[in-house]
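The values are calculated or read from the model by the stated rules, or taken from the named source; none is laboratory data. Only a predicted model underlies this, so the values are computations on that prediction, with no experimental measurement involved. Virtual Cβ from ideal backbone geometry, glycine too; neighbours counted across all protein chains shown. Quick note on the areas: whole protein, heavy atoms, side chains included, nothing else; ligands and nucleic acids left out. Shrake-Rupley method; radii C 1.70, N 1.55, O 1.52, S 1.80 Å.
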Amino acid sequence: MAMLENRTTVLLILTQDVLDRARVVAGRATITFKLPVSLQIVLRALIEEGLKRDSHPAFLANVQGQAEAVRQQRSMARRERAERERGNPRSGSPRGQSGRGLTRRRS
């Protein structure tokens, strides 16, 4: 595979365990191939190979688990924010103390 010509940047948040395992793979590949193999190369290869198996049951189960975890985290965050706002009714309000919002001075 040639270097990517059409590139984009992606933020990927991983657990420390997953990151450590990917680093181990990079280290083993470096020793095996006698070439420097970076963490980025390993992650790119894992993503490409995973996408080739997009209908594999284990892959789909992992996607489902990740999606459910994100949904749960977002739901908890919404609940916590709602509870904070109930405790302080003016928090997050764009209006001023009068409750009428911003007014413009007429010329």
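Odds and ends about this structure:
- Screening Ile31 with (1) open to solvent by 100 Å² or more (accessible area, probe 1.4 Å); (2) modelled with pLDDT under 95; (3) β-branched (Val, Ile, Thr) gives one miss only, at (2).
- Residue check, Leu60 in a helix (DSSP H, G or I) and either surrounded by 12 or more Cβ atoms within 10 Å (Cβ to Cβ) or touching a Ser or Thr at 6+ places or on another chain (Cβ under 8 Å) (or both): yes
- Candidate set: the range 1-28, residues that are more than 24 Å from Val70 (Cβ to Cβ) and of a type in the set (A, V, I, L, M, F, W, C); chosen: the one surrounded by the most Cβ atoms within 10 Å (Cβ to Cβ): Ala26
- On the stretch given as the range 34-45, residues that are open to solvent by 100 Å² or more (accessible area, probe 1.4 Å) and within 18 Å of the chain's Cα centre (by Cα) total 1.
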